[in-house]
Each structure stands twice: as C-alpha cells, then as structure tokens.
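Single-structure report; data block below.
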C-alpha cells in the first residue's frame, strides 16, 4: 500500500499537535479492524464543499437513519476505517468499511465492508449495499484547521442541498487525535 502522500503529510502534521489526546476511538465489538490504527477523526456534519458546511442530511442517508461515527487511519493515512450506525426495520445495524485513499487523485475506494445487527434480527444487507455503493469509488475533500476530511457521496438531492450543479454531499470528519494503544 502507498506509504506517503500530500494528504498523509498534512494530516500527520495536524495530528501531531493533538497527539497527547487520549482516544475512545476503539472499534465496537464486531466491527472490522484496521491494523496499526493510529489517528481518528469524529463525524462533524455534512458538507457540499469546504466553504459550504453544515448542510442537511441527504435523503438516502436520512431514510436509513445513518449516523456516522468516525474514521480511523493507520500511520500512512492511506488506509481508513469508516464506522456508522443505521436502521433496518426494527433493527439497529452497525457498518464498518476499510477504504483506501489515493491521495494523488483525492479518491477513496472500498476494500472491504461489514454490516451486522447490533440489536434485532435484520441482516442489514440492504443498508450495507447502499453505503457500499456510495464509498465504492468516490472523491474526498481535505480542508480546514483543525483538519477535516469529507467522503463525498453522490446523491440525487445534492442540488437541493448545495445549489445548482452539485452532485455530491459528504459526511465530514474532524481530526481528534492519536489513538492511545
């Protein structure tokens, strides 16, 4: 896997200032695990761009009652674990996905994902398929101070949320610190 990149260097610099923070960013039981997890960022809001933040939840995410949790990266910052919760029928489902960031192209691609019912008996497959389709191959944004990353997701209501010509809205995550091993 790619060892260095502009994104990696920028995020590492940002995280160094927060390295003394203790983290509660450990995976929930049953989540995929990112080997060598080092940095974490918590969900902040939905964005259209670095200048247009705090927009409403896209309809496809609201329909599933998706609540993004965090992203976790390894020391290369090229390997990312995304976690979220969503509803399927009467069940509460947990979603985790390992993503690979191509920092030169500013894209993310899905490597592996998992969904399971934290409560209830749903398979959580329908929600997993929706989320997988949105992170299978997409762009990301990196911006701001403190540093933020947003995984942009194509959605039919992007123009209504962001304005003419918009095609995507993304959950944005703000860097919180280093994971204490």
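The values are calculated or read from the model by the stated rules, or taken from the named source; none is laboratory data. Note that the structure is predicted; figures quoted are calculated from it, not measured. Ideal geometry is used to build each Cβ from the backbone, glycine not excepted, and the neighbour counts take in all protein chains shown.
Against the numbered list (1) more than 15 Å from the chain's Cα centre (by Cα); (2) part of a loop (DSSP other than H, G, I, E, B); (3) within 21 Å of residue 141 (Cβ to Cβ), residue 54 comes up short only at (2).
Among the residues of region 94-112, is there at least one that is closer than 21 Å to residue 33 by Cα and modelled with pLDDT under 95? Among the residues of region 94-112, at least one is closer than 21 Å to residue 33 by Cα and modelled with pLDDT under 95, which makes the answer yes. Looking across region 141-181, the residues that are modelled with pLDDT of 95 or more and part of a loop (DSSP other than H, G, I, E, B) come down to 152, 155, 156, 157, 163, 164, 165, 166, 167. Report the residue count in region 138-147 for those that are within 20 Å of residue 110 (Cα to Cα) and in contact (Cβ under 8 Å) with a residue 60 or more places away in the chain. Total satisfying the criteria: 2. Within region 99-125, being within 19 Å of the chain's Cα centre (by Cα) and under 18 Å from residue 28 (Cα atoms) holds for 99, 112, 113, 114, 115, 116, 124. Inside region 77-128, residues that are crowded, with 17+ Cβ neighbours inside 10 Å, assigned to a loop (DSSP other than H, G, I, E, B) and either touching a helix residue (DSSP H, G or I) at 6+ places or on another chain (Cβ under 7 Å) or on the phi > 0 side of the Ramachandran plot (or both) make up a count of 4.
Report, ordered by the first and then the second residue, all pairs with beta carbons closer than 9 Å, sequence separation of six or more or different chains, a first member in region 94-105 that is without any contact (Cβ under 8 Å) to a residue 60 or more places away in the chain, and a second member that is part of a loop (DSSP other than H, G, I, E, B). Here the result reads 95/31; 95/66; 95/124, each pair linking region 94-105 to a residue that is part of a loop (DSSP other than H, G, I, E, B).
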